[in-house]
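Right, one structure below, let's go through it.
The values are calculated or read from the model by the stated rules, or taken from the named source; none is laboratory data. Just so it is clear, the model here is predicted, and its values are computed rather than measured. Because the Cβ atoms are built from the backbone with ideal geometry, glycine has one as well, and the counts that use them run over all protein chains shown.
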Amino acid sequence: MRRTVLLGLIITATACAPAPLAVIREASTTPPPAAIPDDVEATSPEDAGAGGADESATAESAAEPEAIEVPESDEDRLMVDVDMAATFELQGEREPRSYDRLLAASAIDVEEWLATEFVTPEGIQWDGLRGGRIAAGPGARDIPGCGGAPVTAYEDLTLYVAFYCPIDDVIVLDDGPDGLLEHLSREHGAAATAVVLAHEYGHALQERMGLLDGSVPTILLEQQADCVAGAWLGRAASGGSNVLQLDESDVRTSLIAILNVRDPAGVDQFEPNGHGSGFDRIGAFQVGFEEGLDTCLTLIDAPLDLMPNRFLSYDDYVRGGNAPYDCAFDPDPACRPSWEFLGEDLEEFWSLVIGEPIGLTSSPAPGRASIDCPRAIPLNDIVTLCPGEVVFDETAVLPTYDEVGDFILGYLLALGWVEETLARVGSPAVSEDRVLLSDCLIGAWVSDITLGLDRDPARTSTVGTSPGDLDEALEMIIRLSDPSTATDRSGTAFDKIAAFRTGVLGGLDACV
Ligand SMILES: [Zn+2]
């Protein structure tokens with residue numbers, strides 16, 4: 001986030017250069033340099049080379065929510081007897097993996113689903129993958145080169161996690177023991193691999209639709225593939241599959257997986273290989289989840305809105321879009337700790353909303369146990385609303401601030417101001433409804449400081465979001481979410497993110 005606001009605009013995907021394309025690769029573990037505005041000069045070549053490193057998240061370094069319990073067996077979820085060797089061509093050295101059965105069943109299910117539901121306006125129907133599916137590990141020798149070298153080295157595959165090759169009509173997954181898919185599955189659940197597979201099938205559909213000739217920007221292809229993955233998961237999670245039954249924990253896992261393969265902060269969506277921020281990617285996934293495959297197929301002609309992801313100043317780029325937590329290393333007397341300038345912005349915004357001062361400040365506490373005030377309202381394990389003050393557990397915030405980014409604190413503090421605002425206006429919302437309303441309202445505040453379009457002229461604060469901030473908020477939301485619908489406390493990750501996105505994209509009017 002920035003203390004000096006620079007207004008951005010929602011980018012509607014209409015005019016953009018075509019992306020040359022032979023192979024659809026996924027997340028790179030060596031991200032391209034973050035975009036620097038053409039009109040911003042670097043102070044020195046050395047500085048330009050060093051900037052932005054701390055938030056140029058790679059697929060591996062992207063922050064991870066806490067692990068949830070992964071079922072030891074998928075027996076109850078699978079309605080078919082499957083194994084990897086029957087559904088994938090296995091290459092390289094391989095040990096059984098935790099995701100094997102769910103991934104194999106997912107491949108069968110996606111095929112069945114597409115055979116039932118996919119048809120182009122020209123009447124082309126799903127006919128299966130000519131080249132099949134490959135799960136490749138270390139030592140794989142026969143990964144298709146896809147128009148380049150005769151074969152793709154396994155080491156190169158590890159940079160992309162997965163790819164679809166239209167020449168061979170084949171999907172290839174990095175199945176290695178140290179790969180992102182194995183890592184995500186082990187930490188969060190096997191659905192991480194399944195949703196990546198479904199995404200690759202989305203690219204295979206694009207080949208049938210004639211979209212992979214280089215004329216369509218990569219970001220639009222990726223949005224559509226994310227949507228297809230969401231559509232498949234939505235059906236499987238709502239009992240529509242004859243092959244497997246997915247549930248809310250799988251949806252949560254999928255959201256984590258998508259967030260982990262986002263573009264690094266600062267990468268413009270319309271760079272040749274731009275795949276989109278986590279906010280945009282999850283948005284497309286949620287559209288598919290809720291509206292189904294037919295809507296996904298319209299997304300090239302009617303793209304979803306995308307949020308700005310470019311750094312707008314050199315200073316912001318150098319800091320990777322992250323404001324320092326406090327002023328410990330800043331001799332500037334004008335320096336303000338993050339919680340102070342965030343709190344002042346929140347105070348101004350919500351005071352203008354209700355037409356009178358909210359009357360809150362914010363402050364850190366050295367541990368949760370030290371938060372002690374009369375009529376305390378704990379909003380979660382980290383933030384407590386006290387009379388006149390939003391107090392946060394600094395010992396919980398600091399590691400997350402360093403790991404994920406500064407805007408986790410923006411989200412957490414906003415919870416306090418929103419709760420006070422709801423109390424002032426006498427909101428009758430309770431329990432999960434109140435939580436989701438809060439997420440939407442926080443999104444409305446984020447919209448105000450991100451887009452500037454609806455910024456109240458009475459606003460004097462110049463705090464603004466930076467590339468990566470929206471994804472940091474999503475990361476915090478997932479960490480605070482219920483693991484499943486069975487825990488009706490904080491809202492599921494899917495519902496909370498949907499509410500937050502509603503506020504970001506629609507502002508206050510969309511929440512109330
Ligand atoms: Zn893709």
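Values as computed for the structure displayed
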read-out: Residues (under 23 Å from the mean Cα position of the chain (by Cα), among the small types (Gly, Ala, Ser) and part of a loop (DSSP other than H, G, I, E, B)) located in the stretch 418-474; value: GLY452, SER466, GLY468
read-out: Selection status of ILE171, within 15 Å of the ligand (Cβ to nearest atom), outside any helix (DSSP H, G or I) and not aromatic (Phe, Trp, Tyr); value: yes
read-out: Odd one out for LEU212, checked against (1) assigned to a helix (DSSP H, G or I); (2) within 16 Å of the ligand (Cβ to nearest atom); value: (1)
read-out: Set LEU233, LEU205: member being modelled with pLDDT of 95 or more, within 13 Å of the ligand (Cβ to nearest atom) and closer than 23 Å to ILE108 by Cβ; value: LEU205
read-out: In the stretch 153-175, the residues that are buried (at least 24 other Cβ atoms within 10 Å of the Cβ) and farther than 12 Å from GLU200 by Cβ; value: LEU157, ASP175
read-out: Scope the stretch 106-144; condition modelled with pLDDT of 95 or more and among the polar types (S, T, N, Q); matching residues; value: SER106, THR116, GLN125
read-out: Any chance LEU205 is outside any loop (DSSP other than H, G, I, E, B), buried (at least 24 other Cβ atoms within 10 Å of the Cβ) and assigned by TED's automatic domain parsing to the domain that holds LEU157; value: no
read-out: In the stretch 174-191, residue nearest to SER249 (Cα to Cα) [restricted to those that are within 15 Å of the ligand (Cβ to nearest atom) and not acidic (Asp, Glu)]; value: LEU181
read-out: Residue selected from the stretch 326-340 under the condition surrounded by 15 or more Cβ atoms within 10 Å (Cβ to Cβ) and acidic (Asp, Glu), by the criterion modelled with the highest pLDDT; value: GLU340
read-out: Failed criterion for VAL425 (all others in (1) buried (at least 17 other Cβ atoms within 10 Å of the Cβ); (2) modelled with pLDDT of 90 or more hold); value: (1)
read-out: Neighbours by Cβ (under 7 Å, 6+ apart or cross-chain): first from the stretch 333-355, hydroxyl-bearing (Ser, Thr, Tyr); second at pLDDT 95 or above; value: SER338/LEU409; SER351/PRO357; SER351/ILE358
read-out: Test result for GLY274, part of a loop (DSSP other than H, G, I, E, B), more than 16 Å from the ligand (Cβ to nearest atom) and assigned by TED's automatic domain parsing to the domain that holds TYR164; value: no
read-out: Single match in GLY139, GLY131 (criterion: more than 19 Å from the chain's Cα centre (by Cα) and surrounded by fewer than 17 Cβ atoms within 10 Å (Cβ to Cβ)); value: GLY139
read-out: Residues of the stretch 303-325 that turn out to be surrounded by fewer than 16 Cβ atoms within 10 Å (Cβ to Cβ) and touching a helix residue (DSSP H, G or I) at 6+ places or on another chain (Cβ under 9 Å), as a count; value: 2
read-out: Tally, over the stretch 135-157, of residues that are away from the ligand (no atom under 16 Å from the Cβ) and touching a residue at least 24 places away in the same chain (Cβ under 8 Å); value: 13
read-out: The stretch 375-417, subset part of a loop (DSSP other than H, G, I, E, B) and out of contact with any Asp or Glu (no Cβ under 8 Å at 6 or more places or on another chain), residue surrounded by the most Cβ atoms within 10 Å (Cβ to Cβ); value: ASN380
read-out: Members of the stretch 283-301 that are among the aliphatic types (A, V, I, L, M) and in contact with a Ser or Thr (Cβ under 9 Å, 6 or more places away or on another chain); value: VAL287, LEU297
read-out: Among (1) closer than 18 Å to GLU344 by Cβ; (2) surrounded by 18 or more Cβ atoms within 10 Å (Cβ to Cβ), the one test that PRO467 misses; value: (1)
